[in-house]
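K.L.:
Have a look at this one.
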Amino acid sequence: MGCQATFVGTRGPQQSTQETRYLHHFLWGTAGRDEVRISELCGSKSLRRMQLDSPALSWLFALTSLGLYTPRRLTVECVEMSP
């Protein structure tokens, strides 16, 4: 149930870190705009994977607020590139 998108960046066995942020949308997701700067989330590391989804808790918020508040979850995985 819900929307999900996954974008893949670099590959390899490097150690990674993961950052999760909730993005705020309204009116069943039709209103609200987000600008995400990967450099702020990853710093000097490279982007390995980015995933945008709406987990069950987001749907619960949307249903109880009658669609007025519809959060989405952004998960970014960053890796240190080895030479």
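The values are calculated or read from the model by the stated rules, or taken from the named source; none is laboratory data. The structure displayed is predicted, hence computed values, not measured ones. Note that we place each Cβ from the backbone using ideal geometry, even for glycine, and neighbour counts take in every protein chain shown. Keep in mind that these areas ignore ligands, DNA and RNA; they rest on the heavy atoms of the full protein, side chains included. Shrake-Rupley method; radii C 1.70, N 1.55, O 1.52, S 1.80 Å.
K.L.:
Here are some conditions: (1) over 11 Å from the mean Cα position of the chain (by Cα); (2) over 15 Å from T17 (Cβ atoms). D34 meets all but one. Which one does it not meet?
P.N.:
Condition (1) is where D34 drops out.
K.L.:
Here's a follow-up. Restricting attention to region 61-83, and to residues there that are under 21 Å from S16 (Cβ atoms) and of a type in the set (S, T, N, Q), which single residue is surrounded by the fewest Cβ atoms within 10 Å (Cβ to Cβ)?
P.N.:
Selected residue: S82.
K.L.:
State whether one or more residues within region 49-60 are surrounded by 12 or more Cβ atoms within 10 Å (Cβ to Cβ), under 11 Å from the mean Cα position of the chain (by Cα) and small (G, A, S).
P.N.:
Yes, some residue in region 49-60 is surrounded by 12 or more Cβ atoms within 10 Å (Cβ to Cβ), under 11 Å from the mean Cα position of the chain (by Cα) and small (G, A, S).
K.L.:
Going by the structure shown, is T6 surrounded by 10 or more Cβ atoms within 10 Å (Cβ to Cβ) and at pLDDT 90 or above?
P.N.:
no
K.L.:
Can you name the residue in region 61-83 that is under 17 Å from the mean Cα position of the chain (by Cα) and charged (D, E, K, R) and is also modelled with the highest pLDDT among such residues?
P.N.:
Among those residues, the one meeting the criterion is E77.
K.L.:
Right, next: I'm trying to understand the selection: among the residues of region 35-64, which are touching a residue at least 12 places away in the same chain (Cβ under 8 Å), assigned to a loop (DSSP other than H, G, I, E, B) and farther than 16 Å from M81 by Cβ?
P.N.:
Scanning region 35-64 gives V36, S54, P55.
K.L.:
Also, I was wondering about something else. Would you mention how many residues in region 14-31 are open to solvent by less than 40 Å² (accessible area, probe 1.4 Å) and assigned to a strand (DSSP E or B)?
P.N.:
Going through region 14-31 one residue at a time, the tally reaches 2.
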